[in-house]
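The next block holds one structure in the form of structure tokens; read it before the comments.
The values are calculated or read from the model by the stated rules, or taken from the named source; none is laboratory data. All figures in this text were calculated on a predicted structure; none of them were measured in a lab. Cβ placement follows ideal geometry from the backbone for every residue including glycine, while neighbour counts extend to all protein chains displayed. Just the protein is used for accessible areas: all its heavy atoms, side chains included, with ligands, DNA and RNA removed. Shrake-Rupley method; radii C 1.70, N 1.55, O 1.52, S 1.80 Å.
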Amino acid sequence: MFIDTHTHLYLKDFREDREQVFERAMQEGVGHFLLPNIDQKHIQDVYDLEASYPGKCHAMMGLHPCSVGEDWEAELEVIRKELFSRTFIAVGEIGMDLYWDQSFVKEQALAFSKQIEWALDLDLPIVIHARDSFSEIFEVLDQFQDQEKLRGVFHCFTGGVEEMEKIRSYKNFYFGIGGVVTFKNSGLDQVVKQMDLREILLETDAPYLSPVPHRGKRNESSYIPLVADKISDLFEITPEEVGRITSENAMSCFKITDQSTERATE
């Protein structure tokens, strides 16, 4: 019924009870788990989890903007080699984050741009991390706006109507909606109400951004129905219908198949 399109279940936060976390999620109807990479330190963890749940866990490859530092070029080269060595469902998560540190704004933009180029070469969607950086991200994306293959999702979308309309201008992007839509004063619910359900993907960003009533605690994929419940209220349809349509969206965006975890052959 549901697809968690963005979850970091490979992190150490789940070391003690990872199997139980998956069991709870599957009992709640979550059938697929999409795993965005962070940096080279996490690559093997992503692969291991994907191998443990074949056909259910699906790996992405990318360099998270918060991991762009002094050695960003060397880090990015590792990502490139992995990206072209096997099959992935997306290039991600990539983008720009100016909330934590603005020391490497130029480098973040360069890393973002380069990874977009690789996604276009491989005909893959991109998964964009955008925090306090919409204008900077739009500046990069505008350089690729004439590329028909440019597509993907704005993960953890928390923008307003203006940002929503700008993203729509790129034609082939979805909005990743997670726990923030359940926060009382986020205002995101009023923006989501102006979306088409065909534009929305469900996600958790586990272990971060737990929905109400678990806010402030560790997030996990079994909480996806709480996000679906909120969206169902906004659209005045059933949670099952939210699950069906957003899962169809995810399948279309990421081309999820039973072969998604196979290594590419030459």
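Any of Lys41/Lys149; Lys114/Lys149; Lys56/Lys255; Lys171/Lys193; Lys171/Lys255 with alpha carbons more than 21 Å apart? Name them for me.
As for pairs spanning more than 21 Å Cα to Cα, those are Lys41/Lys149.
Only Lys, Arg, Asp and Glu count, each charged at its Cβ (+1, +1, -1, -1), so figure out the dipole size of the range 110-225 about its Cα centre, rounded to 20 debye.
Roughly 560 debye for the range 110-225.
Report in % the part of the accessible area of the range 176-261 that belongs to carbon and sulfur, leaving out ligands and nucleic acids; probe 1.4 Å. Spell out each step's value before the answer.
Working: 1840 of 3810 Å².
Carbon-and-sulfur percentage of accessible area, whole number: 48.
Is there a quick way to get the dipole size of the range 166-218? I mean about its Cα centre, with the Cβ of Lys and Arg at +1 and of Asp and Glu at -1; what is the value in debye to the nearest 20?
100
Say we join alpha carbon atoms closer than 10 Å with springs in a Gaussian network model of the chain; which of Gly178, Gly29, Gly160 then has the biggest fluctuation?
Fluctuation is largest for Gly160.
Note down the net charge around His129, summing +1 for each Lys or Arg and -1 for each Asp or Glu among other residues with Cβ under 9 Å from its Cβ.
Numbers: positive: Arg131; negative: Glu93, Asp97.
It works out to a net charge of -1.
Dipole size in debye (nearest 20) for the chain around its Cα centre, Lys and Arg Cβ +1, Asp and Glu Cβ -1?
380
Per residue, how many Å² of accessible area does the range 125-221 show with a 1.4 Å probe?
The answer is 45 Å² per residue.
How much mean residue ellipticity at 222 nm does the chain get from its helices, if each DSSP H run of length 4 or more adds -39500 (n - 2.57) and you divide by all residues, to the nearest 500 deg cm²/dmol?
Mean residue ellipticity, 222 nm, calculated: -11500 deg cm²/dmol.
Just read off the accessible area of Cys57 with the full protein assembly in place, 1.4 Å probe, to the nearest 10 Å².
0
So what is the relative contact order of the chain, in percent, for Cα pairs below 8 Å that sit 6 or more residues apart?
This gives 23 percent for the chain.
If you take the square roots of the eigenvalues of the alpha-carbon gyration tensor of the chain and sort them as a ≥ b ≥ c, do you get rounded (a/c under 1.5), prolate (a/b over b/c) or oblate?
rounded
What does the charge add up to near Phe175, with Lys and Arg as +1, Asp and Glu as -1, over the other residues with Cβ less than 11 Å from its Cβ?
After counting each charged neighbour, the total is -2.
Can you give the net charge of the other residues whose Cβ lies under 13 Å from the Cβ of Gln102, counting K and R as +1 and D and E as -1?
Neighbour charge sum, excluding Gln102 itself: -3.
With the full set of protein chains in place, find how many percent of the accessible area of the range 31-130 is carbon and sulfur; take the probe as 1.4 Å.
The computed percentage sits at 48.
What whole-number value in Å² describes the accessible area per residue of the range 39-95 for a 1.4 Å probe?
Values: 2230 Å² over 57 residues.
Accessible area per residue, the range 39-95: 39 Å².
Which of Phe14, Val105, Ile94 sits closest to the plus end of the dipole of the chain, meaning its Cα is farthest towards the positive end, when Lys and Arg get +1 and Asp and Glu get -1 on the C-beta?
Phe14
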